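Undergrad: Here it is: the structure, laid out below.
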Amino acid sequence: MVSEFTGLTVSQICETIDILSPCMDDFVYVYDFINDFYYISPLAVRRFRLPDHQFNNVIKNFATFVYPSDLPELQADLDEIISGKKDFHNMLYRWLSPDNDPIWINCCGSLVRHEGTPLYILGCINEVGNRQQADNVSGLLGFPALQSYLLKKRNNQPQGYLLRLGLDDFKEINEKLGSDYGDLILKHTAKCITACLLPDQQLFRAMADEYVIVNFSDRSMEDAVEQYKNIRKTIDDFVRENNYEVVYTISGGILTGAQIAQSSFSDAMKFSEFSLNEAKRQGKNCCYVFNSEHYEKFLRRLKLSQLLRRAVTHNFKGFEAYLQPLVDADTNTLYGAESLMRFHTEEFGMVSPAEFIPLLEETGLIIPVGRWMLNTALNFCHEIQKTLPGFKISINVSYVQVLKSNIVAEIISAVAKHKVPPSTVIIELTESGLVEPDSRITKLGARLKEKGLHLALDDFGTGYSNFHYLNELKPDIIKIDRTFTLKAISNDYEFKLLSLMSNMVHSMDLRICVEGIENPGELSRMKALPPDYCQGYYFGRPCPFNEFSERFVV
C-alpha cells in the first residue's frame, strides 16, 4: 500500500522508533531513499550483525549482515519499489547474527511517496524462528519466560530444584493417532502436572513434549523425586481413565537450586536436558538427579566421537593394528594371530577399545574403520606368510558391519587384493553384540565358508543366545571369554560347566580357543578341558606389527 507524505519527517519517525523499541519484541525500521539512510530499533544491534542501528550507504552496508545468497533477491525487490513497480515490501529472508549464524526474518514495509517520488519505507522486522512466549496448547508460558524467571530468581534463592519432564516416545503417539490427538495429550499432561504443583512453584512448557517445574522454596531432592512420582501416578490415572486408548509414560531430570545458581541459563538447560535424556537412557518412566561426574563422562564421549570422526577423515590417523599370538594348545606353538584395533590421541592418550569401539559402532564409523583394519591386518598376514606360509590371521568384524555394509564382498575383495589364501583367514564375530536373530547375520557363516574362509564366535558365554547362534551361524571356532575362563579356574562347578560345553562343542566338530591365559597354572588347568587353541598374556600381549615380527616370526 502506498501512502502519500503525511508531514512526518524521518527524524520524527526515528524518535518514535526509539520510544517504541523497549516495548516490542519486533524491530521497527525506516529506510530513507532520499538520503540513503537506514534506522532500526536500537535493540536490533544485540541480535543482528548490524554496523549500528543507523547508517548510510544502505545497500553497501546490507552486504555486511544480510545472508550472502539472499542479497541479490533483496536488491531486486528494493529496486522494484524505488522504480515504482511495487508499493509494498514483504520478504522472507536471512540476516546474520553477531556470531555469523543465519537468522530467518520476515521484513514488511509500506512505501511513502510525495508527488510520485518514493521517500521512504516504514516497516517492521520480526524473527520468524523466534521461540514463542507462550504455548496455547498447554496454556503455559514458554522458554523465554522460563529464562527470565530463572535469571530473576536463581541468585537470590539457591535452594530448591528444577524438574524437567518429558514424555517417553511421544513421536509414536503423533504417528499412530495424529498430531491433533498428540496436542490433546500434551494438554492433558500439562493438567496432570499442574495438579501436582506445590505452592510457590512455576510450570513452563520447555519445548515439544517437555515441561519444566521450577521450585525455589526450601525443598529437598527427596521432595523433587516424590513430586515426580506423584506426576507419574497422575498420568497413569489419566491413561486408565481414558480406557488405555493411548498408553504413555513420563521421565524426569532434576537439578538442585545450587546447581542452577552456579550456572548460566544455557548451562542449566544443558544440564537439565542431559538429566532428562539420562533418565530415558536408563529405561524411561524414571527420574535422574544431575551428576557432574556422569556429565563429564558424557562430554568425554562427545569429544571422543569427534576425534574418531576426525581420524577417519584424516586417513585414519591415530588408529593402529596390533597383533596377539594364537597358540596351538597341544604343541604350544604359534599358529596365527588375532588383529586388534588400537586408538590414541594427543588429548586422551591411548584410549581403551572398550571405550572407543562402542562409539564406532554407535556412530557407524566402524564401517570405514573396520574396512581399514581388514586391509591392514591382511597386509600384515601377507608379509608374515612370506616366512610362515601357514600363518593364520584372525580379524574382528562388528555386527554393525554385517547389518549395514556388504561385509562379505569387502572381505573377499581384500583377501584377493592382498594375495592371502582364504583358508588362512578367520573372521571373528563378537557374540556379545548379537542382540536378536537377523538373517544377514545367520547367513554370514555359510557365505564365508563358500569362499573358503573360517568363522569364529568371539566372547562366547557373554551374550544373548549362545546355543542358538551355534546352530544358525555354524562357526568353525568358539572362543571362550576370559571372564568365563576365570570362573572355571577358581570354581569347580564352573569348570565342570565349561567341560560339558567343551565336550558338546567338540561333538559338533567345532574347535575351542580359550582366551585370557595369563600364567602356567591357568594354562595347566585349562588344558584339562582340553582346548584346541589358547590365547592370552602368558603367550604374548598385543603389540605392533614390527614388534610381533621380531618376537614370533623367525
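Undergrad: No solvent, one uniform scatterer per C-alpha: report log10 I(q)/I(0) for the range 48-198 via the Debye equation at q = 0.11, 0.13 1/Å, two decimals.
TA: -0.72, -0.85
Undergrad: Compute the long axis of helix 143-153 from its Cα atoms, compare it with the longest principal axis of the Cα atoms of the chain, and write down the angle in degrees, 0 to 90, nearest 10.
TA: On a 0 to 90 degree scale, this one is about 90.
Undergrad: A follow-up question, please. Once the Cβ-Cβ distance between Val58 and Asn130 is put in as r, and R0 is 22 Å, what FRET efficiency do you end up with, to the nearest 0.05? Walk me through the numbers on the way to the answer.
TA: Values: r = 25 Å, r/R0 = 1.12.
It comes to 0.35.
Undergrad: If r is the Cβ-Cβ distance from Asp218 to Asn242 and R0 is 56 Å, what FRET efficiency results, to the nearest 0.05? The partial results should precede the final answer.
TA: On the way: r = 36 Å, r/R0 = 0.65.
Result of the calculation: an efficiency of 0.95.
Undergrad: Shifting gears a bit: Please go through the residue pairs Lys152/Lys280; Lys153/Lys284; Lys386/Lys419 and name each one whose alpha carbons sit more than 21 Å apart in this structure.
TA: Values: Lys152/Lys280 30 Å; Lys153/Lys284 30 Å; Lys386/Lys419 11 Å.
Violating the 21 Å limit, Cα to Cα: Lys152/Lys280; Lys153/Lys284.
Undergrad: While we're here: Can you give the extra length, in nm with one decimal, that the chain gains between Met508 and Asn230 once fully stretched, where that is 0.36 nm per residue apart less the Cα-Cα distance? Intermediate values should be presented prior to the final figure.
TA: Working: separation 278, 0.36 × 278 = 100.08 nm, distance 5.63 nm.
In short, 94.5 nm is gained.
Undergrad: What figure in square angstrom, to the nearest 10, would you give for the accessible area of Asp87 with a 1.4 Å probe?
TA: 70
Undergrad: Something else: At 1.4 Å probe size, with every protein chain present, just tell me what the per residue accessible area of the range 269-371 comes to in Å².
TA: Per residue, the range 269-371 has an accessible area of 50 Å².
Undergrad: Over the heavy atoms of Cys124, what accessible area does a 1.4 Å probe trace out, to the nearest 10 Å²?
TA: Here the residue's solvent-accessible area equals roughly 40 Å².
Undergrad: Check Ile512: other-chain or 5+ apart residues with amide H under 5 Å from its amide H, H built from backbone geometry?
TA: Answer set, sorted by chain and number: Ile478, Asp532, Tyr533.
Undergrad: Given a 1.4 angstrom probe, what's the average accessible area per residue across the range 102-247, in square angstrom?
TA: Result: 50 Å² of accessible area for each residue.
Undergrad: So, with +1 on the Cβ of K and R and -1 on the Cβ of D and E, and no other charges, what is the size of the charge dipole of the chain about its Cα centre, to the nearest 20 debye? Walk me through the intermediate numbers first.
TA: Numbers: 56 positive and 71 negative charges, 273 e Å.
Dipole size: approximately 1320 debye.
Undergrad: Pull out the extension gain between Leu71 and Leu198, defined as 0.36 nm times the separation in residues minus the alpha carbon to alpha carbon distance; nm, one decimal. Before the final figure, lay out each step's value.
TA: Details: separation 127, 0.36 × 127 = 45.72 nm, distance 5.24 nm.
Contour length minus the Cα-Cα distance gives 40.5 nm.
Undergrad: Classify the range 220-364 as rounded, prolate or oblate, taking a ≥ b ≥ c as the square roots of the eigenvalues of its Cα gyration tensor: rounded when a/c is under 1.5, otherwise prolate if a/b is larger than b/c and oblate if not.
TA: On the way: a/c = 3.13, a/b = 1.97, b/c = 1.59.
Taking the square roots of the gyration eigenvalues as a ≥ b ≥ c, the range 220-364 is prolate.
Undergrad: On the accessible surface of the range 70-127, probed at 1.4 Å, how many percent belong to carbon and sulfur atoms? Don't skip to the end; give the middle numbers.
TA: Values: 1370 of 2730 Å².
Reported share for carbon and sulfur atoms: 50 percent.
Undergrad: Using a cut-off of 27 Å between alpha-carbon atoms, which lysines can reach Lys487, once sequence neighbours fewer than 8 places away in the same chain are excluded?
TA: In chain and number order, the partners are Lys474, Lys479, Lys496, Lys527.
Undergrad: So, one more: Which far-off residues, 5 or more places away or on another chain, put their amide H under 5 Å from the one on Lys392, with H placed in the peptide plane?
TA: Sorted by chain and number, the residues that satisfy this are Gly336, Ala337.
Undergrad: Give me the one-decimal nm value for the distance between modelled label points at Met91 and Glu518, 7 Å along each residue's Cα-to-Cβ direction.
TA: 7.1
Undergrad: Rounded if a/c is under 1.5, else prolate if a/b is larger than b/c, else oblate: which is the range 330-408, with a ≥ b ≥ c the root eigenvalues of its Cα gyration tensor?
TA: prolate
Undergrad: Determine which residues of the range 330-364 fall in the zone a paramagnetic label at Glu547 would reach in this model, i.e. backbone nitrogen under 17 Å from the point 7 Å along Cα→Cβ.
TA: Under cut-off, by backbone N: 337-345, 349-353.
Undergrad: Can you pull the semi-axes for the range 272-315, root of five times each eigenvalue of the Cα gyration tensor, sorted largest first, whole Å?
TA: The equivalent ellipsoid of the range 272-315 has semi-axes of 28, 11, 6 Å.
Undergrad: Right, something else. Which ³J(HN,Hα) values, rounded to whole Hz and listed in residue order, are derived for the range 483-499 from phi using the Karplus coefficients 6.51, -1.76 and 1.60 in 6.51 cos²θ - 1.76 cosθ + 1.60 with θ = phi - 60°, glycine and proline given as x?
TA: The phi angles translate into 4, 5, 4, 4, 4, 5, 5, 9, 9, 4, 4, 5, 5, 5, 4, 5, 5 Hz.
Undergrad: I'd like the accessible area for Arg240, computed on protein heavy atoms only with a 1.4 Å probe and all protein chains in place. Round to 10 Å², please.
TA: Around 120 Å² of this residue is reachable by solvent.
Undergrad: What spacing in nm lies between the two simple spin-label points modelled at Arg310 and Glu175, each 7 Å away from Cα in the Cβ direction?
TA: The two pseudo-label positions are separated by 3.5 nm.
Undergrad: Order His382, His418, His89, most accessible first, counting only protein heavy atoms with a 1.4 angstrom probe. Working shown, then result.
TA: Details: His382 55, His418 25, His89 5 Å².
These residues rank, largest area first, as His382, His418, His89.
Undergrad: Tell me the carbon and sulfur percent of the accessible area for the range 313-438, rounded to whole percent, probe radius 1.4 Å. Please report the intermediate quantities before stating the final value.
TA: Working: 2860 of 5330 Å².
Using a 1.4 Å probe with all protein chains present, the range 313-438 comes out at 54 percent carbon and sulfur.
Undergrad: Where both residues lie in the chain, what percent of DSSP beta bridges are antiparallel, nearest 5? Working shown, then result.
TA: Details: 70 of 99 bridges.
Approximately 70 percent, going by the DSSP bridge assignments.
Undergrad: What does the extension gain come out to for Met350 and Arg447, with contour length at 0.36 nm per residue minus their alpha carbon separation?
TA: Separation in residues times 0.36 nm, less the Cα-Cα distance, equals 31.3 nm.
Undergrad: Indicate the gyration tensor shape class of the range 228-277 (rounded, prolate or oblate), computed on the Cα atoms with a ≥ b ≥ c the square roots of the eigenvalues: a/c under 1.5 is rounded; otherwise a/b larger than b/c is prolate and the rest oblate.
TA: Working: a/c = 4.99, a/b = 2.93, b/c = 1.70.
Prolate is the answer for the range 228-277, as a/c is 1.5 or above and a/b outweighs b/c.
Undergrad: Sticking with this one: Starting at the first residue of the range 95-109, write each ³J(HN,Hα) from the Karplus equation 6.51 cos²θ - 1.76 cosθ + 1.60 with θ = phi - 60°, in whole Hz, x for Gly and Pro.
TA: 10, 9, 7, x, 8, 6, 8, x, 10, 6, 10, 10, 10, 10, x
Undergrad: On the accessible surface of the range 131-267, probed at 1.4 Å, how many percent belong to carbon and sulfur atoms? Kindly include the intermediate steps, with their values, before the conclusion.
TA: Values: 3080 of 6690 Å².
Using a 1.4 Å probe with all protein chains present, the range 131-267 comes out at 46 percent carbon and sulfur.
Undergrad: Would any residue of the range 315-338 have its amide N under 14 Å from a label point 7 Å out along Cα→Cβ of Thr363? List them or say none.
TA: 315-319
Undergrad: Rounded to the nearest whole Å², what accessible area per residue is found for the range 1-72 with the 1.4 Å probe? Intermediate results must be reported in sequence, preceding the final value.
TA: Working: 4020 Å² over 72 residues.
Accessible area per residue: 56 Å².
Undergrad: On a 1.4 Å probe surface of the protein chains, which of Ile426, Ile82, Ile34 comes out largest in accessible area, and what is the full order?
TA: Largest accessible area first, the residues go Ile34, Ile82, Ile426.
Undergrad: What nm value, rounded to one decimal, do you get for the distance between Lys303 and Trp104 when each label is placed 7 Å out toward the C-beta?
TA: Here the modelled spin labels are 3.5 nm apart.
The values are calculated or read from the model by the stated rules, or taken from the named source; none is laboratory data. Note that the structure is predicted; figures quoted are calculated from it, not measured. Cβ coordinates were reconstructed from backbone atoms using ideal geometry, including for glycine residues, and neighbour counts include every protein chain displayed. For accessibility, only protein heavy atoms count, side chains too; no ligands or nucleic acids. Shrake-Rupley method; radii C 1.70, N 1.55, O 1.52, S 1.80 Å.
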